[in-house]
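Report on one structure; see the data block that follows.
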Amino acid sequence: GLWMYADSYLDAATCVMAHSKHPHREPAYLLYAHAVEFALKAFLRANGLSIEEIEAHGHRLVPLLDACHGRGLKEPGHIEKAGDAAIRLLELGDTDARYIRSGFKRRPDLSALRLFAEWLIAETEAICVPRSPKRGAAAEGTASAPS
């Protein structure tokens, strides 16, 4: 369920970016941040953490990512650099994504955040989305004809 939310938020962010008519991108940042949050929580849940242990992290992306690293999540170098910078900047301006505030805002590179979110959701799918034998065979084109 957590992974499906992550995938849905990523899909929504992609739609917002594809149809945006102006440079204001706050909704996309919020959608990508939620996609990342849910994917990190899905990874932790798939690796044995209880809901209570996951909820203890709240919505803080840096501690969630650190917990995932402690359980074996390892990004390729280019993804790690983009994702780490994006998540740390999102963490600093989390309330800016949710509430209107005037003044200077520092936002991560949106393409880096998108890249990290897409990699994370693709990487965690295999451990978070169970494949039934019937579903797996049909997906691979090896399903037998009905008898």
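The values are calculated or read from the model by the stated rules, or taken from the named source; none is laboratory data. Predicted, not measured: the structure shown is a model, and the values here were computed from it. All Cβ positions, glycine included, derive from the backbone under ideal geometry; neighbour counts span all protein chains shown. These accessible areas exclude ligands, DNA and RNA; they are computed on the full protein's heavy atoms, side chains included. Shrake-Rupley method; radii C 1.70, N 1.55, O 1.52, S 1.80 Å.
Which pairs have Cβ atoms under 6 Å, sit 6 or more apart or on different chains, and link a residue in the range 118-137 that is assigned to a helix (DSSP H, G or I) to one that is surrounded by 12 or more Cβ atoms within 10 Å (Cβ to Cβ) and at pLDDT below 65? So the pair list comes out as A137/A143.
Out of A6, A12, A18, one residue alone is touching a residue at least 24 places away in the same chain (Cβ under 8 Å), assigned to a helix (DSSP H, G or I) and among the small types (G, A, S). It is A6. Considering only residues in the range 21-48 that are among the small types (G, A, S) and in contact (Cβ under 8 Å) with a residue 24 or more places away in the chain, the one that is surrounded by the most Cβ atoms within 10 Å (Cβ to Cβ) turns out to be A39.
Of all the residues that make up the range 49-79, how many are among the small types (G, A, S), in a loop (DSSP other than H, G, I, E, B) and open to solvent by less than 30 Å² (accessible area, probe 1.4 Å)? Residues meeting the conditions: 1.
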